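Quick note: the coordinates plus some simple rules give every number you see, no bench work behind them. Just so it is clear, the model here is predicted, and its values are computed rather than measured. Note: ideal-geometry Cβ built from the backbone for every residue, glycine included; neighbour counts use all protein chains shown.
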Amino acid sequence: MMKGPLPFLRVAQADVDRFWPHAAALLTPAIRRTGGQFTLEGVRRSIAAGKMQLWLTGSTDSPLAAAVTAILDYPEARVLSVPLLGGTQHRRWIDSLQEVLAEYGQNARCVALEAYVRPGFIGAHYREDRAILKNVEKHWTLIRRPLPAPKPDTGIADRPATAAPDVDVNGMVRVAHSSPMDKNTRQDEL
């Protein structure tokens, strides 16, 4: 059994069906909490079409976690969204996921990394003193991490979000991580 931090790898569009059974099992609990916004088949189709990205960590035959990302172009900003995340042993991979996605988002000229998460994900950082809105259930909390300006000449930002990435022999895309977390960013910020 592997010990220590685990890297996240992006699954190439062409290999989505190969890894989807494992990813689907990990993402099902998250999809059930979306109130019908997502279905397993809809997410798989979006990833295969390049509209979303699939990330896995652990072994290829038994991943510990799966994340789905999407680059969202708002009128004034581009963000990397993490609409779905599921897995076990999160302490072994959460830091790796944050760093890999921050670098991917930065290279894609995103200004932030965003994720809607359930209150339990935030743990001690989540406090709900009182309900302000009436007749509304709070399902998610938005967490946001600002990203530094894109690195020059990475080539990633100039490609459309649907461009096929370079693939290694296992059908996984490696995202190089070369810089430590910005020292002004707290560890509890995603």
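Taken over segment 64-122, the criterion of being within 22 Å of Ala48 (Cα to Cα), of a type in the set (S, T, N, Q) and either part of a strand (DSSP E or B) or within 13 Å of the chain's Cα centre (by Cα) (or both) is satisfied by Thr69, Ser81. When the criteria are applied in full, Ala25 meets the requirement of being free of Cβ contacts under 8 Å to residues at least 12 places away in the same chain, over 19 Å from Gln13 (Cβ atoms) and aliphatic (A, V, I, L, M). Out of segment 11-31, which residues are within 16 Å of the chain's Cα centre (by Cα), small (Gly, Ala, Ser) and in a helix (DSSP H, G or I)? Ala23, Ala24, Ala30, listed by residue number. Scanning segment 32-63 for residues that are among the hydroxyl-bearing types (Ser, Thr, Tyr) and in a strand (DSSP E or B) returns a single hit, Thr57.
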